[in-house]
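Enquirer: Pasting in a structure now, in structure tokens, and then I'll have a few things to ask.
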């Protein structure tokens, strides 16, 4: 099964030695029989068709889904076209947000501020810990979306759209080392120091990223594209 990675942003230059966002997703989804192709949609490199791959994953980004960037309108249309064609789309952080916005939901810079580092989310009957790094979030889900996970800080932390869409606000592709790098190279001076210091203290905690990777892989395999 060929998975197209729609890259909507870049890791900080100081952290790229360990790989950029597409590399993280390939590592996260390794072992499931997928092959991958990256499209740098942030630089207006789009697939010719939603059928160019069997499924799609939309990465995180430093950009806001509601901001005026050239790649955002065509990405929203691509999402709608993929849904219409029943080609599965998964999204993480910005990917989660742009999917919701494209399908009629609302994304905002959250008045409650930032969420950073290992954070607990309620997925049904269990609590999972995942790395967060965001201020924007979905504040109104699209019609027909089902909420899969939430936290006191993030009400719509994961959404499902039948068999066609699955998205999550936190970052299962980020390990704790990468979060430390974001604190050092992107957080200081932007995110309040008290939040970053607290996130650093929690970096000793394990995360449940592998559990979410399994869910994303299961979703992509189960949501077969239309013939």
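Enquirer: Between segment 98-126 and segment 150-177, what is the C-alpha centre distance in whole Å?
Expert: Each part reduced to its Cα centre gives a spacing of 7 Å.
Enquirer: Sticking with this one: Do you know the relative contact order of the chain, to the nearest whole percent, from alpha carbon pairs under 8 angstrom that are 6+ apart?
Expert: Once divided by the residue count of the chain, the mean separation gives 21 percent.
Enquirer: Would you list the P(r) distribution for the chain, with all Cα-Cα distances sorted into 5 Å bins from 0 and each bin expressed as a whole %?
Expert: Over the chain, the share of Cα pairs per 5 Å bin runs 1, 7, 16, 20, 22, 18, 10, 4, 1, 0, 0 percent.
Enquirer: Then there is this: Compute the acute angle (0 to 90°) between the alpha-carbon long axis of helix 209-222 and the principal axis of greatest extent of the alpha-carbon atoms of the chain; round to the nearest 10°.
Expert: Tilt relative to the chain: about 10 degrees.
Enquirer: Name the most mobile residue of 99, 44, 28, meaning the one with the largest mean-square fluctuation, in a Gaussian network model of the chain with Cα contacts below 10 Å.
Expert: Looking only at 99, 44, 28, the biggest GNM fluctuation is shown by 44.
Enquirer: In addition: Could you identify which residue out of 62, 16, 155 has the top mean-square fluctuation in a GNM of the chain using Cα springs shorter than 10 Å?
Expert: 16
Enquirer: Between 92, 57, 191, where does the largest GNM mean-square fluctuation fall for the chain, given springs only between Cα atoms within less than 10 Å?
Expert: Result for the chain, Cα springs under 10 Å: 191 fluctuates most.
Enquirer: When the helix-only estimate is applied to the chain (DSSP H runs of n ≥ 4, each -39,500 (n - 2.57), divided by the residue count), what is the mean residue ellipticity at 222 nm, nearest 500 deg cm²/dmol?
Expert: Helix-only estimate at 222 nm: -8000 deg cm²/dmol.
Enquirer: Next question. In which sequence would 154, 93, 53 go, from the one with the fewest C-beta neighbours within 10 Å to the one with the most?
Expert: Result, fewest neighbours first: 154, 53, 93.
Taken together, the values in this text are just the output of simple stated rules run on the coordinates, not laboratory data. Computed from a predicted structure; not experimentally measured. All Cβ positions, glycine included, derive from the backbone under ideal geometry; neighbour counts span all protein chains shown.
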